[in-house]
Amino acid sequence: MVDHRRIAYRLERKLRGERRSTDRGEGRRRTDYEPNRGWKPAVVIALVIAIADWTVKWLVIQRVPLDTIQVVIEYRLALWHVRNPAMILGLYGSLPLEARIAIAAVSGLLGMVLLFEVVSRGHRLAPERRKWAWLFVGLASGGMMGNLGERIVHWGVTDYLSIGWGDLWLPPGNIADLAIFLSLPVAVLVVLFELQARAQRLTDRRDNKSVPTDTPRSSALGA
């Protein structure tokens, strides 16, 4: 006896480029078997940010005396050259240099592991959504490279970009800090995409279980 529902279901999956879970491994997605090219745009973005950050820092060091402010746009933008020996947001500034180096090394290693995982999972998103994962990894990696790379040369980070707030100038940052800050809303978007993909995957699994299985051989012979 021909099971038309089963045939229609198989045809639909074939048109969508899918296979049975037994052919590819239970719980796998079609994108798991496609080449992961997300590293290329992520690396390009990271290198552009890091090189731009290092270049501007070098120019500031050469042309703006340490601990001085040069107003670029009155009440809006200034170059405030400071050397920050602490970590991000001024953390661990009172710790010995050896302890801060160890914290920076561990933080950088954990960050790279996290970004590697994002690239791998971002590849499994829909093609039109993957670019956001690459953008997040590029921004975060470029920011990390900009600041950690400078710490390798001389412990401390050159901050120079200050925004005016009324009559006050906010504590300065740099391009690397700005890249990390911009990566945060992109990270939220990527997490939402991943949650939606997981929800859709669970729905597909329930739909697959609701499709009747092939008729046992013994029953077919008996028919």
Tell me which residues, restricted to segment 158-181, are surrounded by 16 or more Cβ atoms within 10 Å (Cβ to Cβ) and either under 18 Å from Val119 (Cα atoms) or under 23 Å from the mean Cα position of the chain (by Cα) (or both).
Gly173, Asn174, Ile175, Ala176, Asp177, Leu178, Ala179, Ile180
Residues of segment 128-187 being within 23 Å of Ile73 (Cβ to Cβ) and either in a loop (DSSP other than H, G, I, E, B) or among the acidic types (Asp, Glu) (or both), which ones?
Asp159, Gly166, Asp167, Leu170, Pro171, Pro172, Asn174, Asp177
Test each condition in (1) β-branched (Val, Ile, Thr); (2) free of Cβ contacts under 8 Å to residues at least 60 places away in the same chain; (3) over 22 Å from Ala52 (Cα atoms) for Val118 and report the one that comes out false.
(2)
For segment 39-55, does any single residue satisfy the condition of being surrounded by 14 or more Cβ atoms within 10 Å (Cβ to Cβ) and either at pLDDT below 70 or assigned to a strand (DSSP E or B) (or both)?
no
Only residues in segment 128-148 that are within 16 Å of Val190 (Cβ to Cβ) count as the first member; pair them with residues that are modelled with pLDDT under 90 and not in a helix (DSSP H, G or I), Cβ under 6 angstrom, at least 6 apart or cross-chain, and list the lot.
Trp134/Gly38
Scan segment 99-117 and tell me whether some residue there is surrounded by 15 or more Cβ atoms within 10 Å (Cβ to Cβ), modelled with pLDDT of 80 or more and farther than 22 Å from Pro172 by Cα.
no
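The values are calculated or read from the model by the stated rules, or taken from the named source; none is laboratory data. Note that this is a predicted model, so its numbers are computed, not measured. Every residue, glycine among them, receives a Cβ derived from its backbone with ideal geometry; neighbour counts consider all protein chains shown.
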